[in-house]
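The values are calculated or read from the model by the stated rules, or taken from the named source; none is laboratory data. This one's a predicted model, so the numbers in the text were calculated from it and none came from an experiment. No Cβ is skipped: glycine too gets one built from the backbone with ideal geometry, and neighbour counts run over all protein chains shown.
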Amino acid sequence: MVETMANELETGLPSIRQIQTLIREEREIELKLVTDDLIVGKLRWQDQHCICLMDQYDQPTIVWRQAIVYLKPKF
């Protein structure tokens, strides 16, 4: 039972709530990776390990959270 809880998304964390808001609002974001790549698109979903970003061609890119330097909404 403890193992199941460790694998759940901690929805009380501010970062998780902020990403959920960006998903709900379908806001375009910039995602900077440790490789210095910059990806632009809309967040589709998140789990405890990854997020999914949809690009302008509606193609999904799954990114491991540990590869992210920053994530910010585009204005």
Kindly indicate which of Gln56, Gln48 is under 11 Å from the mean Cα position of the chain (by Cα), polar (S, T, N, Q) and at pLDDT below 95.
Gln48
If I filter segment 1-14 down to residues being exposed (fewer than 12 other Cβ atoms within 10 Å of the Cβ) and part of a loop (DSSP other than H, G, I, E, B), which single residue comes out as modelled with the lowest pLDDT?
Met1
Members of segment 15-43 that are surrounded by 14 or more Cβ atoms within 10 Å (Cβ to Cβ), without any contact (Cβ under 8 Å) to a residue 40 or more places away in the chain and touching a helix residue (DSSP H, G or I) at 6+ places or on another chain (Cβ under 7 Å)
Leu33, Leu43
Just the residues that are of a type in the set (D, E, K, R) and farther than 19 Å from Pro14 by Cα, please, taken from segment 43-73.
Asp55, Asp58
Strands (runs of 3 or more DSSP E) contained in segment 22-75 and holding at least 3 residues in contact with a Cys (Cβ under 6 Å, 6 or more places away or on another chain):
60-64
